[in-house]
1. Can you show me the helix-derived [θ] at 222 nm for the chain, built from DSSP H runs with n ≥ 4 at -39,500 (n - 2.57) apiece and divided by the number of residues, rounded to the nearest 500.
2. Taking amide H positions as placed 1.01 Å from N in the peptide plane, with prolines and chain starts having none, which residues 5 or more places from Gly90, or on another chain, fall under 5 Å of its amide H?
3. Provide the per-residue ³J(HN,Hα) series for region 38-45, in order, calculated from phi with Karplus coefficients 6.51, -1.76, 1.60 and θ = phi - 60°, each as a whole number of Hz, with x at glycine and proline positions.
4. So how tilted is helix 2-36 from the main axis of the chain? Cα-based, degrees 0 to 90, rounded to 10.
5. Spelling out what I want: for every residue of region 122-129, take phi, set θ = phi - 60°, compute 6.51 cos²θ - 1.76 cosθ + 1.60 (Karplus), and round to whole Hz; glycine and proline get x.
6. Pop a pseudo-label 7 angstrom from the Cα along the beta-carbon direction at both Tyr50 and Phe114 and give the gap in nm to one decimal.
7. Taking the number of other C-beta atoms within 10 Å as the exposure measure, put His65, His133 in order starting with the fewest.
8. If the cut-off is a Cα-Cα distance under 28 Å, which lysines reach Lys101, setting aside same-chain residues fewer than 8 apart in sequence?
Amino acid sequence: MIQGLKRVWPWLGNVFEAVFTVAHGLWVTLRTGFKTYRPDRKTFTEHFEYPELPVPVAARYRGFHRFDLTTCISCDQCAKACPVDCIYIGKERVEGSKGFKITGYAIDYTKCMFCALCVEPCPVDCIFMGGTHDLSCYSRDGCVVDFSRLPLDVAWGRATLNPTAVAQSKVITEPVHGGPNQ
């Protein structure tokens, strides 16, 4: 009899813990669901003046990348560190020099998972995560951002990446900036 109770108590404890955990999870779900349907609840655009004003983000928010073309040395470390291969670097060897000239630096945001693994290996800190909340576009082509074709203030990391600048950079046929050696 005692041996049977020793086997049953842990089992009953596990059953009680499972039922309690499921009930607690359902309570959290129901509580959140009822908060959603409050009559005084405001929409997102009533809380924030989006898209006229940027949405406030946390200090360590990993938004769309900021890239400084003037300091990039075309080492490919960011592209090698990217786990999903969303960074494409085009470069040419500069005649009479050991360096390279950047002909294209594109990030495909349909693949990017914003892990910031590309930021760490950069020896000159030319790529870092920005605070841009949104980069809306109507096609998948609009999600591929070539930083070498962006206006200089955006490409150099002085201004935030925005959908208008990306759309205008698709119209330009030649790169705006050929790299730091030009």
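1. -9000 deg cm²/dmol, from helical runs alone.
2. Thr103, Gly104, Tyr105, Ala106
3. Coupling constants for region 38-45: 5, x, 8, 6, 9, 7, 4, 6 Hz.
4. 50 degrees
5. Couplings: 5, x, 10, 6, 9, 10, 8, 7 Hz.
6. So the label points at Tyr50 and Phe114 sit 1.0 nm apart.
7. On the way: His65 24, His133 16.
Result, fewest neighbours first: His133, His65.
8. Lys80, Lys91, Lys111, Lys170
Here, each number is a calculation from the coordinates, and none is a lab measurement. All of these numbers come straight from a predicted model, not from anything done at the bench. Note: ideal-geometry Cβ built from the backbone for every residue, glycine included; neighbour counts use all protein chains shown.
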